[in-house]
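The block underneath contains the structure these notes are about, expressed in structure tokens.
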Amino acid sequence: MNLNELLTDAVAGAINTLYGMRPSLDIIQLQKTRKDFEGNITLVTFPLLRISKKSPEETGANIGGYLKENTGIVSGFNCVKGFLNLIVSDAYYINFINNSFGNNFYGFKPPDTGAEKIMVEYSSPNTNKPLHLGHIRNNLLGNSLCRILEANGKHVIKTNIVNDRGIHICKSMLAWQKWGNGQTPESSGKKGDHLVGDFYVKFDLEYKKQISELVAGGMQEEAAGREAPIMKEAQEMLRKWESRDSQVLELWEMMNQWVYSGFDVTYKRLGVGFDKIYYESDTYIIGRDTVLEGLKKGVFYQRPDSSVWVDLTKDGLDEKILLRSDGTSVYMTQDIGTAQIRQTDFSPDKMVYVVGNEQNYHFKVLALILDKLGYSWAKGLYHMSYGMVELPEGKMKSREGTVVDADDLMDDMIDTAKAMADELGKLEGLTGLEKEDTYRIIGLGALKYFILKVDPVKNMVFDPRESIDFNGNTGPFIQYTYARIRSVLRKASDAGIMFGEKIPERINIGNKEKSILAILYDFPSVVAEAGNNFSPALIANYIYDLVKEYNQFYHDFSIIKESDGNLRNFRLMLSDMVGTVIKNGMGLLGIEVPERM
RNA sequence: GGUUCCGUAGCUCAGUUGGAUAGAGCAACAGCCUUCUAAGCUGUGGGUCGAGCGUUCGAAUCGCUCCGGAAUCACCA
């Protein structure tokens with residue numbers, strides 16, 4: 001039982017003894033004591049007054065007195081305006097650190113064989129252009145979510161569905177055919193995904209040109225969009241692809257390979273990975289078969305032009321197309337197929353989709369369709385929806401060239417880390433390789449933390465200047481604290497100072513130290529909460545609070561230089577444990593921590 | 001127009017199941033390195049929690065109505 005549970009029990013006992021009535025647990029409201037008051041945990045007395053039939057002050061005094069006498073956890077209390085502030089005994093926290101010290105996995109639940117099996121889909125790129133800032137948020141959230149779920153003892157399967165087919169890829173392919181002159185990543189010296197993306201842009205330019213020519217010739221804009229010759233060519237190419245035209249397939253394979261090798265570099269740098277990768281070119285057929293089956297069973301219906309639809313008007317939604325009139329698949333068809341294959345392959349209890357909130361409607365429809373098809377596992381679908389990333393000047397727009405490229409961004413962050421570290425002279429004495437690695441850790445730490453500290457459901461603004469700041473509530477600030485701790489521990493070790501002896505309960509610890517202990521104590525419950533809420537941001541903000549508190553302590557107290565041996569031992573253990581929690585917590589965000597910086 | 005989400009300091013964001021005088025960082029200003037890493041610490045200023053009404057001992061938090069912003073309702077993905 002943790003502290004909250006112990007106290008809830010004890011308070012219930014107190015009320016029963018004092019007032020002769022066993023209260024329901026939900027009126028026992030415990031919260032952290034605000035900074036301005038003395039105490040660690042506060043009981044709100046107001047809901048208890050109808051049982052006690054006494055004033056808030058008196059009720060608080062009664063319960064506080066009982067807890068102090070009977071629990072051994074509460075060493076003192078005060079009651080202010082109906083808030084009973086309980087002082088948790090030093091011994092309780094000392095006992096905690098004595099037990100948890102040296103556990104490198106503190107905060108993590110061990111994997112359990114009977115654990116819930118959760119499949120998490122994230123990343124899900126298209127293969128026609130390189131990854132950008134929006135993908136970065138997706139990848140970081142997905143990867144962090146997986147780590148958090150694993151830390152909660154879940155069995156996690158990380159998966160990626162690569163959208164390797166469709167009209168958008170055909171656009172790049174067509175443009176390459178027309179204007180590529182046989183260029184390859186090798187011949188051009190470009191990363192494959194960037195090269196393919198360049199042709200996608202070329203297509204778009206030509207398409208726009210053709211549209212304006214048609215409009216100038218008197219055609220409506222909408223019609224021009226359909227009639228532009230290059231678009232017709234791309235559509236023709238897609239049809240050839242679906243009928244397995246060997247030349248088109250060969251080109252498609254080649255260009256997709258370029259993109260994959262490019263993605264691999266980006267993924268590796270971002271520190272994300274997958275247990276199983278699916279390709280829509282494999283799954284869409286299954287989806288199509290299922291849709292046709294559903295049509296036979298009467299779950300769907302066909303229009304005169306032979307397109308297939310599902311009617312969701314009774315569920316408060318609209319009608320949705322599942323197969324085009326020419327028989328080709330749409331996005332929904334593919335997702336139906338993918339979900340089925342995943343069930344066949346892994347039969348997960350839950351399938352989590354980390355996908356932007358622009359697709360909220362899509363996933364509502366997907367779950368509904370799978371349910372209508374009679375799949376019991378449809379209930380296990382969960383869309384982890386997250387907000388868009390915007391720039392200070394507004395949305396990223398590829399046609400206006402304001403898209404922030406993932407590779408460029410990482411380069412910039414690492415360059416800035418290098419410039420700053422060199423200016424501060426922080427890494428002198430390290431080898432060249434060690435320096436490079438540290439720049440990387442810091443630059444990526446800044447980027448990842450900046451994105452993950454924000455509540456996923458919210459849209460966020462990414463200001464390249466601000467995100468590059470390394471002070472305040474940032475990744476480097478946290479990493480710096482870690483490096484300081486490591487430095488202290490190294491110095492202790494160099495001086496032959498051993499630590500880790502059990503701390504005697506009678507040791508006299510200060511408020512700041514106690515407050516750090518209390519925060520450390522909370523880590524496992526924060527991990528659990530982050531898992532329940534699918535929110536890496538909870539971890540990020542927790543670490544920041546811990547680190548801020550520790551830095552104040554570090555500033556005000558001596559650790560190695562403390563003359564009292566017991567106290568020195570305690571402070572070293574405390575520092576060591578803060579380091580462990582920083583490392584573990586940042587690990588859940590996919591952020592590394594440096595030994596020196 | 002329907003549906004969903006968001007609105008907290010100049011800017012970027014915290015604020016678990018309703019609880020005390022709403023918190024950080026950035027930016028501005030003023031301090032602290034002969035002492036374990038100053039990428040740090042301390043202080044000052046900065047708020048009608050979008051607005052109103054309601055629920056109650058108590059609302060940034062819950063409900064309703066507005067206002068503002070975003071997404072979506074495609075034979076795009």
* Which whole number in µm²/s is D for region A:445-588 by Stokes-Einstein, with the Kirkwood Rh taken over Cα pairs at 20 °C and 1.002 mPa s? -> 132 µm²/s
* Structure fact -> Sorting A:Ser124, A:Ser307 on solvent-accessible surface, 1.4 Å probe, most exposed first, gives A:Ser124, A:Ser307
* Taking the convex hull of the Cα atoms, report for chain A its projected area averaged over all directions, in nm². => 34.9 nm²
* To do: Using θ = phi - 60° and the Karplus relation 6.51 cos²θ - 1.76 cosθ + 1.60, list the HN-Hα couplings for region A:12-20 in order, rounded to whole Hz, with x at every Gly or Pro.
  => 4, x, 4, 5, 4, 5, 6, 10, x
* Projected label distance in nm at A:Glu293 and A:Asn95, using a 7 Å step from Cα toward the beta-carbon -> 5.8 nm
* To do: Taking the dipole about the Cα centre of chain A, with the C-beta of Lys and Arg at +1 and of Asp and Glu at -1, give me whichever of A:Trp258, A:Phe199, A:Leu572 is farthest to the positive side.
  => A:Leu572
* Once label points are set 7 Å from the Cα along Cα→Cβ at both A:Asn551 and A:Asp345, what is their separation, rounded to one decimal in nm? -> 4.4 nm
* Asked: Say the cut-off is 29 Å between C-alpha atoms; which of A:Lys190/A:Lys397; A:Lys154/A:Lys296; A:Lys418/A:Lys583; A:Lys129/A:Lys209; A:Lys191/A:Lys548; A:Lys240/A:Lys350 go over it?
  -> A:Lys154/A:Lys296; A:Lys191/A:Lys548; A:Lys240/A:Lys350
* Would you calculate the separation in nanometres between label points at A:Glu505 and A:His362, each defined as 7 Å from the Cα along the Cα-to-beta-carbon direction? => 5.9 nm
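If you roll a 1.4 Å probe over region A:406-588 with all protein chains in place, what percent of the accessible area is carbon or sulfur?
Numbers: 3840 of 8120 Å².
After summing per-atom areas, the C and S share lands at 47 percent.
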* Show the residues, 5+ positions off or on another chain, whose built amide H is closer than 5 Å to the amide H of A:Asp463. => none
* **Hull volume in cubic angstrom per residue (convex hull over the Cα atoms of region A:1-158)** => 189 Å³
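If you roll a 1.4 Å probe over region A:3-88 with all protein chains in place, what percent of the accessible area is carbon or sulfur?
Roughly 51 percent of what the probe reaches on region A:3-88 is carbon or sulfur.
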* Structure fact -> Between the Cα axis of helix A:511-533 and the main Cα principal axis of chain A, the angle (0 to 90°, nearest 10) is 30 degrees
* Residue (of A:Gly114, A:Val80, A:Pro125) at the positive-pole extreme of region A:77-166, dipole from beta-carbon charges -> A:Pro125
* Asked: Counting only residues 5 or more places away or on other chains, whose amide H sits under 5 Å from the amide H of A:Gly153 once H atoms are built in the peptide plane?
  -> A:Lys109
* Assigning unit charges at the beta carbon (Lys, Arg +1; Asp, Glu -1) and nothing else, what dipole magnitude in debye, to the nearest 20, does region A:331-396 show about its Cα centre? -> 240 debye
* List the residues whose amide H sits under 5 Å from the amide H of A:Val80, counting only those 5 or more places along or on another chain, with H placed 1.01 Å from N in the peptide plane. => A:Asn85
* R0 = 22 Å: FRET efficiency of A:Lys178 with A:Ser243, Cβ-based, nearest 0.05? -> 0.55
* What does region A:3-88 give for Rg and for Dmax, in Å, if only its C-alpha atoms count? -> 11.2, 34
* For region A:393-488, state the average projected area of the convex hull of the C-alpha atoms over all orientations, rounded to one decimal in nm². => 7.4 nm²
* Note down the magnitude of the dipole of chain A about its Cα centre, charges +1 on Lys and Arg C-beta and -1 on Asp and Glu C-beta and zero elsewhere, to the nearest 20 debye. => 1100 debye
* Asked: When you count, for each residue, the other Cβ atoms within 10 Å and take the mean per peptide, how do A:239-248, A:533-542 rank with the highest first?
  -> A:533-542, A:239-248
* Asked: Hey, got a sec? Which trypsin sites (Lys or Arg not before Pro) in region A:469-530 land in a DSSP loop and have at most 14 other Cβ atoms within 10 Å?
  -> A:Lys502, A:Arg506
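Give the accessible surface of region A:55-173 per residue, rounded to a whole number of Å², with probe radius 1.4 Å and ligands, DNA and RNA excluded.
Averaged over the residues of region A:55-173, the accessible area is 34 Å².
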* **Theoretical FRET efficiency, 1/(1+(r/R0)^6), r = Cβ-Cβ of A:Lys53 and A:Asn103, R0 60 Å, to 0.05** => 0.80
* Structure fact -> Of the candidates A:Thr8, A:Ile94, A:Ser52, the farthest towards the positive dipole end of region A:1-95 (Lys/Arg Cβ +1, Asp/Glu Cβ -1, centred on the Cα centre) is A:Ser52
* For chain A, what is the calculated [θ] at 222 nm in deg cm²/dmol (nearest 500), taking -39500 (n - 2.57) for each run of four or more DSSP H residues and dividing by its residue count? -> -18500 deg cm²/dmol
* What is the dipole size for region A:3-88, taken about its Cα centre, with +1 at each Lys and Arg Cβ and -1 at each Asp and Glu Cβ, in debye to the nearest 20? -> 200 debye
* To do: Can you tell me which of A:133-144, A:553-564 comes out highest on packing, and rank the rest after it, using the mean Cβ neighbours within 10 Å?
  => A:133-144, A:553-564
* Would you mind working out the accessible area per residue for region A:190-344, using a 1.4 Å probe, and quoting it in Å²? => 52 Å²
* To do: With a 1.4 Å probe and every protein chain left in place, work out the accessible area per residue of region A:406-588 in Å², rounded to a whole number.
  => 44 Å²
* For region A:551-560, in order, what is each residue's ³J(HN,Hα) by Karplus, 6.51 cos²θ - 1.76 cosθ + 1.60 with θ = phi - 60°, in whole Hz (x at glycine and Pro)? -> 4, 5, 4, 4, 5, 8, 10, 8, 10, 5
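The values are calculated or read from the model by the stated rules, or taken from the named source; none is laboratory data. Since the model is a prediction, treat every value here as computed from it, not as a measurement. Every residue, glycine among them, receives a Cβ derived from its backbone with ideal geometry; neighbour counts consider all protein chains shown. Note: accessible area is taken over every heavy atom of the protein model, side chains too, but ligands, DNA and RNA are not part of it. Shrake-Rupley method; radii C 1.70, N 1.55, O 1.52, S 1.80 Å.
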